[in-house]
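Worksheet for the structure shown next.
The values are calculated or read from the model by the stated rules, or taken from the named source; none is laboratory data. Given the structure is predicted, the values throughout are model-derived calculations rather than measurements. Here the Cβ positions follow ideal geometry from the backbone for every residue, glycine too, while neighbour counts run over all protein chains shown. The protein model used for the area step is the full one, side chains on, heavy atoms only, and it has no ligands, DNA or RNA in it. Shrake-Rupley method; radii C 1.70, N 1.55, O 1.52, S 1.80 Å.
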Amino acid sequence: MEKISAVKSHLEKLKRYGLENIEPGSINCYLFSSGEFIVRQEDEIEGLRVITKGKAKACRTSPNGKNLIFCYYVQDGIIGEIELITGVVKTENNIIAVGEVECLIIDDRVIKEELKTNIKFLTSIGEELSKKMLKVADNFVSSALLGGEQRLCSYILQNSADNYFYDNLTDVSCSISMSYRHMFRLLKQLCKEKILKKEKRGYTILDKKQLKKYTEKE
């Protein structure tokens, strides 16, 4: 994690949520590298986070140490609105950067005051929560009804950054409800078909168009 200066484009993102009038001194901007935790499960709340660039995944760690992926924030999105609305003092989920992520963190006391008086902000939070609920529902339907190859290819597309896919494969197999051995066989097959290429730490997507076709198979 590296603290960086907030620029005009970062602050422009706040207009979407009706937060453009917040004092700049209550906003910090950070750059996270791929794989870094933006938020850790059970950490105390520091403030509301707004992703201004990049992609991050939301997951929860079970007592056995495995991670279940819930949804993705692509390009932008709020992190911490559930905790803000419910008043809990610790974060519910892990939020992990997929590729480089730029994120604004707004002071908790300031954001709670905005929640009391800022109708646009309150409406935006409702919209964000609705979208995430729909995304979680889509993921559940995918796990329950789609074939293994479809689930894996869909996961790779969602979790890739700049045509590169890297994740903990044990967590992947758990998230798509597939045995590790079967998932690994499918990955080898995708490499054999030159849709993916195995790299030292992950996979390069060679044929994104074909990968998408696999997600649409009946």
* Residues listed by number, the stretch 46-65, amide nitrogen under 12 Å from Asp76 label point at 7 Å toward C-beta -> 50-54
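In Å², and per residue, what accessible area does the stretch 1-160 have when probed at 1.4 Å with the other protein chains present?
Result: 52 Å² of accessible area for each residue.
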* State, as an integer percentage, the relative contact order of the stretch 63-201 based on alpha-carbon contacts under 8 Å between residues 6 or more apart. => 31 percent
* Listed candidates (1) 142; (2) 112; (3) 131 - label of the one calculated as volume of the Cα convex hull per residue in Å³ -> (3)
* Enter the Cα centre distance for the pair the stretch 154-175 and the stretch 39-57, rounded to the nearest angstrom. => 20 Å
* To do: Step through the residues of the stretch 95-103 one at a time and calculate ³J(HN,Hα) from phi using the Karplus curve (6.51 cos²θ - 1.76 cosθ + 1.60, θ = phi - 60°), rounding each to whole Hz and writing x for Gly and Pro.
  => 10, 10, 5, 10, x, 5, 10, 9, 9
* Nonlocal amide H pairs with Gly47, under 5 Å, H built at 1.01 Å -> none
* Structure fact -> In whole Hz, the Karplus estimates of ³J(HN,Hα) for the stretch 147-162 (6.51, -1.76, 1.60; θ = phi - 60°; x where Gly or Pro) are x, x, 5, 4, 5, 5, 5, 5, 4, 4, 4, 5, 9, 8, 9, 6
* Structure fact -> Given pairs Lys8/Lys55; Lys132/Lys198; Lys13/Lys197; Lys57/Lys198 and cut-off 25 Å on Cα-Cα distance, the over-length ones are Lys132/Lys198; Lys13/Lys197
* Asked: So who's got an amide H within less than 5 Å of the one on Ile38, skipping anything under 5 residues away but keeping other chains? H placed 1.01 Å off N, in plane.
  -> Ile95, Ile96, Ala97
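With each run of n ≥ 4 DSSP H residues scored as -39500 (n - 2.57), what mean residue ellipticity at 222 nm is computed for the chain after dividing by its residue count and rounding to the nearest 500 deg cm²/dmol? Could you put the intermediate results ahead of the total?
Numbers: 8 runs with 89 residues, N = 218.
The helix contribution divided over the chain gives -12500 deg cm²/dmol.
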* **In Hz, Karplus ³J(HN,Hα) per residue of the stretch 126-134 (6.51, -1.76, 1.60; θ = phi - 60°; x = Gly, Pro)** => x, 5, 4, 5, 5, 5, 5, 4, 5
* Using 17 Å as the cut-off for backbone N distance, which residues of the stretch 184-218 belong to the label zone defined by a point 7 Å from the Cα of Ser33 along Cα→Cβ? -> 200-202
* Asked: Carbon and sulfur: what percent of the chain's accessible surface (1.4 Å probe)?
  -> 52 percent
